[in-house]
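Please treat every number below as a calculation from the coordinates, not as lab data. Because the structure is predicted, anything quoted here is derived from the model rather than measured. All Cβ positions, even for glycine, are placed from backbone atoms using ideal geometry, and neighbour counts span all protein chains on display.
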Amino acid sequence: MQRGRRKPDWLKSRPPSGTRFTEIKESLRDRDLHTVCEEANCPNMGECWSGRDGPGTATFMLMGDRCSRGCNFCDVETGGMDPLDPDEPANVADAVAEIGLDYVVLTSVDRDDLADGGSAHFAETIREIKRRDPGILVETLIPDFEGDPEAVRRIIDAGPDVIAHNVETVERLQWPVRDRRADYEQSLAVLDQVDRESDVHTKTSLMLGVGEYDHEVYRTLGDLREVGVDVVTFGQYLQPSRSHLDVFEYVHPDLFETWRAVAETEFDFLYCASGPMVRSSYKAGELFVEALLREGRSAEDARQHARAAGGD
């Protein structure tokens, strides 16, 4: 176990700063919106929000800042959920327009307290963004909705361009890493449904450093490709507080690079973002556009497709 062990140099990140960072934060606070960047203490918040080469990326977290589940790796608060804000879908769309994003990432807390898991609210947010500009590319990082295929279908029907759902870790470590209501096979079923019922790109993420073995990671990559997952990301698990899961090990950047090469060359994923500081939505727009170019498509091609799908 690594409790109290000093983080290696490769895990150091600069604190968030800059005019652009401040502007985005003010826009979010004005509308009482939440981002997973802040709630989960993402180490890349300064880099992504500052966005030197573009408008920056912020991952909007829908349906409040408290989750109905208690995963042992996550810094989001558990329990005491508020009612859904009916103005949130429009407020998110307004913020996207004000900030000037052309690639948007939406995620949410788990809302097992709601009959539909919050899927209709999530879908309405996608539609509000697309109503304002059907060419905006929308990536969604969705819960498992307790395995309800109708809830997943609501997300598909709303017309996002990427649907992600994270398996988080290898099958053996689902517990104690994830809440007991989460399940490896259930997560694979969500990703499989998206692949079978749509032409939307699918994506998932795994944390390393929680006690996984290499052969388990390899098997997981095979399982993901079997259900049609297009994109996978790897990042280092970092303990948010002493009450969370211990870090088992700090994985060297060379091994992250090895897994990137294995995923892209051996398993033929569209792309794999892999590194100690990588998180699910890290440079999501930039990497997605680069992957489209390798497929012989451009970002504008994708936006034209999105506009056509939106019917505008």
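Could you give the C-alpha radius of gyration of the stretch 60-182 expressed as a fraction of 2.2 N^0.38 Å, taking N as the number of residues it contains? Working shown, then result.
On the way: Rg = 14.5 Å, N = 123, 2.2 N^0.38 = 13.7 Å.
Against the compact-globule rule of thumb, the ratio is 1.06.
Using R₀ = 22 Å, calculate the FRET efficiency as 1/(1 + (r/R₀)^6) where r is the Cβ-Cβ separation of Trp10 and Asp268; round to 0.05.
Details: r = 28 Å, r/R0 = 1.28.
After rounding to 0.05, the efficiency reads 0.20.
What is the calculated FRET efficiency for Glu98 to Ser241, with r their C-beta to C-beta distance and R₀ = 25 Å, to the nearest 0.05? List each step's numbers first, then the result.
Numbers: r = 33 Å, r/R0 = 1.33.
Efficiency, rounded to the nearest 0.05: 0.15.
Estimated at 0.36 nm per residue, the fully extended path between Tyr218 and Asp116 surpasses their Cα-Cα distance by 33.3 nm. Here the Karplus curve 6.51 cos²θ - 1.76 cosθ + 1.60, taken at θ = phi - 60°, turns the phi angles of the stretch 237-243 into couplings of 5, 10, 6, x, 7, 5, 8 Hz, with x standing for Gly and Pro. Give the cross-link partners of Lys203 among the aspartates and glutamates, using a straight C-alpha distance below 14 Å as the criterion and excluding same-chain residues fewer than 8 apart. Partners within reach: Glu139, Asp144, Asp161, Glu168, Asp192, Asp195, Asp223, Glu226, Asp230, Glu264, Asp268. Here the extension length gained between Arg294 and Asp65 equals 78.7 nm, from 0.36 nm per residue of separation less the Cα-Cα distance. Principal semi-axes of the equivalent ellipsoid, √(5λ) from the alpha carbon gyration tensor of the stretch 58-130, are 23, 14, 10 Å from largest down.
Which order do Phe122, Phe288, Phe73 fall in if you start with the one that has the fewest other Cβ atoms within 10 Å?
Neighbour counts put them in this order, fewest first: Phe73, Phe288, Phe122.
At 0.36 nm per residue, minus the direct Cα-Cα distance, what do Glu146 and Trp175 gain on full extension? Give it in nm, one decimal, please. Before the final figure, lay out each step's value.
On the way: separation 29, 0.36 × 29 = 10.44 nm, distance 1.61 nm.
Full extension of this stretch gives 8.8 nm more.
If the Kirkwood radius is taken over C-alpha pairs of the stretch 169-224, then at 10 °C and 1.306 mPa s the Stokes-Einstein diffusion coefficient equals 130 µm²/s. Once the C-beta distance of Gln186 and Asp301 is scaled by a Förster radius of 41 Å, the resulting FRET efficiency is 0.75 to the nearest 0.05.
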